[in-house]
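Below: the structure, in structure tokens.
The values are calculated or read from the model by the stated rules, or taken from the named source; none is laboratory data. If you're wondering where the values come from, they're calculated on a predicted model, not measured in any experiment. With ideal geometry, Cβ positions are generated from the backbone for all residues, glycine too; neighbour counts draw on all protein chains shown.
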Amino acid sequence: MCEVLFVPVVRGPLLLTFFDSCVPAGFPSPADDHQGMKLDLNQLLLPNPDSSYLVRVMGDSMTGGESGIRDGALLAVDCHLEARPDDVVIAVVEGQFTVKRLVKRKGENWFLVPDNPSYPEIPINEPDLFDVWGVVTHVLTETRRGRLSAHVRVS
């Protein structure tokens, strides 16, 4: 099961240079325009600041699927959004936090489903012991291990 660790967020603007052109993942192409504009990363990742937060994932139950969530990733979570089927959510199950995909099957049967097939699905049989704490909207994953954790202070 993936665990989550809540990360404090600075709510002021975080302006970074953004180049509004696609970077090919296949063959390189000639550069379009090297002119960048400023993009507020907080506004992009946390558009509802009073109901959004960041969490760090610990565990590998969400690796290997389309969500792209790996151990150590930061997740932007929005509590303002209502969870829909197939959303990745932060859930509390019997008092424990987890990140899983919310899936509805045959009628009214709900499950929390990991992307990693090595882990079991969690049926939501007792709704009183289950709660959604927000919908995951963005995944920030390091390509060079250790750099993100050095810049995000966890208290």
Filter result for E142 (of a type outside the set (G, A, S), surrounded by 12 or more Cβ atoms within 10 Å (Cβ to Cβ) and modelled with pLDDT of 85 or more) = no
Any chance you could count how many residues in the stretch 30-66 are basic (K, R) and either touching a Cys at 6+ places or on another chain (Cβ under 9 Å) or modelled with pLDDT of 85 or more (or both)?
-> 1
Any idea how many residues of the stretch 83-92 are in a strand (DSSP E or B) and either free of Cβ contacts under 8 Å to residues at least 40 places away in the same chain or crowded, with 17+ Cβ neighbours inside 10 Å (or both)?
-> 4
The stretch 93-111 - residue that is touching a residue at least 24 places away in the same chain (Cβ under 8 Å) and on the phi < 0 side of the Ramachandran plot and, of those, surrounded by the fewest Cβ atoms within 10 Å (Cβ to Cβ) | Q96
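Filter the stretch 52-80 down to residues that are among the charged types (D, E, K, R), in a loop (DSSP other than H, G, I, E, B) and farther than 17 Å from R144 by Cα and give me whichever is nearest to the chain's Cα centre (by Cα).
E66
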Being touching a strand residue (DSSP E or B) at 6+ places or on another chain (Cβ under 7 Å), on the phi > 0 side of the Ramachandran plot and not aliphatic (A, V, I, L, M) narrows D71, D78, D86 down to just D86
Taking the stretch 101-139 as the search range and keeping residues that are among the polar types (S, T, N, Q) and farther than 14 Å from I69 by Cβ, which one is modelled with the highest pLDDT?
-> S118
Provide a single number: the residues in the stretch 112-122 that are surrounded by fewer than 16 Cβ atoms within 10 Å (Cβ to Cβ) and either in contact with a helix residue (DSSP H, G or I) (Cβ under 9 Å, 6 or more places away or on another chain) or assigned to a strand (DSSP E or B) (or both).
-> 0
Has the stretch 69-82 got at least one residue that is modelled with pLDDT under 85 and either surrounded by fewer than 15 Cβ atoms within 10 Å (Cβ to Cβ) or touching a His at 6+ places or on another chain (Cβ under 8 Å) (or both)?
-> no
Pairs under 7 Å by beta carbon, first residue within 20 Å of V99 (Cβ to Cβ) and touching a residue at least 12 places away in the same chain (Cβ under 8 Å) in the stretch 39-68, partner in a loop (DSSP other than H, G, I, E, B) and of a type in the set (S, T, Y), six or more apart or different chains?
-> S61/Y119; G68/T141
